[in-house]
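Student: Below you'll find the structure I mean.
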Amino acid sequence: MLGIIGGSGLYDVDDIKVIEEIQINTPYGEPSDRYIHAEYKGKEVFFLPRHGRGHKFPPHLINYRANIWGFRKLGVDKILAVSAVGGINPLLKPGDFVISDQFIDFTKVRPVTFYEGIYTVFDEADKNDDLVNEYLKNNRVVHIDVTEPFCPHMRSILFEILEQHNFRYHSKGTYVATEGPRLETSAEIRAFSQLGADIVGMTLVPEITLARELSMHFASINVVTNLAAGISEGRLTSDEVIQMIHQKNEELKKVILSFIELYPEKLSCNCSSVLEGAAI
Ligand code: HPA
């Protein structure tokens, strides 16, 4: 089953039928909002706005663990995330889509794992008989591999869709995750550029790593909403970010709907076996 993070405004699409809104409680606290359970062309999907409706939570205070655990409770094993990013690579223009393939983590204060050894929380209500529960029940410490953090099969489906629609996109890119909520200094962006970062945002980590800790597949559609600090002339504003996301909303909807229609239940990749041999 597919879960979509972000994507607010999608549910007004005619062909999407909202079935219900679901409140989920988790041992990690409350997710950002109710999940929207919907159907499109006979396929079910769950949506969650990561900042909550009305944009209630800043990036560093989003309860990423609750959001991802909530998806697990709903039976989601694939997550497609939509994110706004600043462009660092000079080849990028505002409005471009980037299907990232790597990340660099500069976040600082966020809970980063479900597996905290003796501090681990076990969800009694979760009856899945899998490695996640085995590790949680036994207070194991888990080191997941993130050599290739994004699902290669989900990414290749996105390429196909973006080609078909003739949307301007980049088939790879390194996302540097910053803590926020402040934007970056020009010196930080110069440093990130030298480290090999192409785009900058505040939400990918730990969203992706937590999903991976639950053996989920994860891909991200990043929208370049602005050129990053010091590359852009003048100061950055949230207004320009929101304006660009609105401008790209129709295209984003098309990409997401095509993805719901096209993705197969079984993907050809190794994402689902990442927990094998990962615990100490
Ligand atoms: N920096 C960090 N996060 C962002 C940016 C940016 O320039 N644009 C959109 N999200």
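The values are calculated or read from the model by the stated rules, or taken from the named source; none is laboratory data. For clarity, every value in this text was computed on a predicted model and none was experimentally measured. Note: ideal-geometry Cβ built from the backbone for every residue, glycine included; neighbour counts use all protein chains shown. Heads up: the accessible areas ignore ligands, DNA and RNA and are worked out on the full protein's heavy atoms, side chains in. Shrake-Rupley method; radii C 1.70, N 1.55, O 1.52, S 1.80 Å.
Student: Please state the charge dipole magnitude for the stretch 147-280, taken about the Cα centre, from unit charges on C-beta atoms (+1 on K and R, -1 on D and E), reported in debye and rounded to the nearest 20.
Tutor: In debye, rounded to 20, the stretch 147-280 gives about 100.
Student: Then there is this: Per q in 0.19, 0.23 1/Å, what log10 I(q)/I(0) does a Debye calculation on the alpha-carbon atoms of the stretch 111-166 return?
Tutor: Reported log10 I(q)/I(0), two decimals: -0.75, -0.89.
Student: Just check the stretch 113-206 against the gyration tensor rule for me: Cα atoms, a ≥ b ≥ c as the square roots of the eigenvalues, rounded for a/c under 1.5, and otherwise prolate or oblate depending on whether a/b exceeds b/c.
Tutor: Cα axes put the stretch 113-206 in the oblate bin.
Student: Order the following by accessible area, largest value first: 202, 154. Probe radius 1.4 Å; ligands, DNA and RNA are ignored.
Tutor: From most exposed to least exposed: 202, 154.
Student: Picking from 258, 170, 40, whose Cα lies most toward the positive end of the charge dipole for the chain (charges on Cβ: Lys, Arg +1; Asp, Glu -1)?
Tutor: Toward the positive end, the furthest listed residue is 170.
Student: Taking the alpha-carbon set of the stretch 52-170, what are its Rg and Dmax in Å?
Tutor: When restricted to Cα atoms, the stretch 52-170 yields Rg and Dmax of 17.6, 51 Å.
Student: How long are the semi-axes of the equivalent ellipsoid of the stretch 1-91, taking √(5λ) for every eigenvalue λ of the Cα gyration tensor, in whole Å from largest down?
Tutor: After diagonalising the Cα gyration tensor, the semi-axes are 21, 19, 12 Å.
Student: Could you check which residue among 198, 15, 129 shows the biggest mean-square fluctuation in a GNM of the chain with a 10 Å Cα cutoff?
Tutor: 129
Student: Can you give the calculated 222 nm mean residue ellipticity of the chain, where each DSSP H run of n ≥ 4 adds -39,500 (n - 2.57) and the sum is split over every residue, rounded to the nearest 500 deg cm²/dmol?
Tutor: Using -39500 (n - 2.57) per qualifying helix, the result is -8500 deg cm²/dmol.
Student: Could you pull out every one of the lysines with an alpha carbon less than 27 Å from that of residue 43, ignoring same-chain neighbours closer than 8 positions?
Tutor: 17, 73, 78, 127, 248, 253, 254, 266
Student: Next question, about the same structure. Based on the alpha carbon coordinates of the stretch 209-267, what radius of gyration and maximum Cα-Cα distance (Dmax) apply, in Å?
Tutor: Values for the stretch 209-267 (Cα only, Rg and Dmax): 15.9, 47 Å.
Student: With springs connecting C-alpha atoms under 10 Å apart, model the chain as a Gaussian network and identify which of 214, 131, 158 has the largest mean-square fluctuation.
Tutor: Of the options given, 131 has the highest mean-square fluctuation.
Student: Of the residues 196, 42, 52, which exhibits the maximal mean-square fluctuation in a Gaussian network model of the chain defined by a 10 Å Cα contact cut-off?
Tutor: With Cα springs under 10 Å in the chain, the top fluctuation among 196, 42, 52 is at 42.
Student: Can you list residues from other chains, or at least 5 along the same chain, whose modelled amide H is less than 5 Å from the amide H of residue 176?
Tutor: Hits under the 5 Å cutoff: 104, 198, 199, 200, 201.
Student: Another question, if that's okay. Using 0.36 nm times the number of residues separating residue 15 and residue 167, minus their current alpha carbon distance, what extension gain do you get? It would help to have the intermediate numbers written out before the result.
Tutor: On the way: separation 152, 0.36 × 152 = 54.72 nm, distance 2.17 nm.
The span from residue 15 to residue 167 would gain 52.6 nm if fully extended.
Student: Taking a cut-off of 17 Å, what percent of all Cα-Cα pairs in the stretch 141-280 are separated by more than that?
Tutor: Considering the stretch 141-280, 68 percent of its Cα-Cα pairs are separated by more than 17 Å.
Student: Under the Kirkwood approximation for Rh and a Cα-based Rg, what ratio Rg/Rh is obtained for the chain?
Tutor: Rounded to two decimals, Rg/Rh equals 0.95.
Student: With unit charges on the beta carbon (Lys/Arg positive, Asp/Glu negative), name the residue among 136, 193, 245 whose Cα is farthest towards the positive pole of the charge dipole of the stretch 82-273.
Tutor: 193
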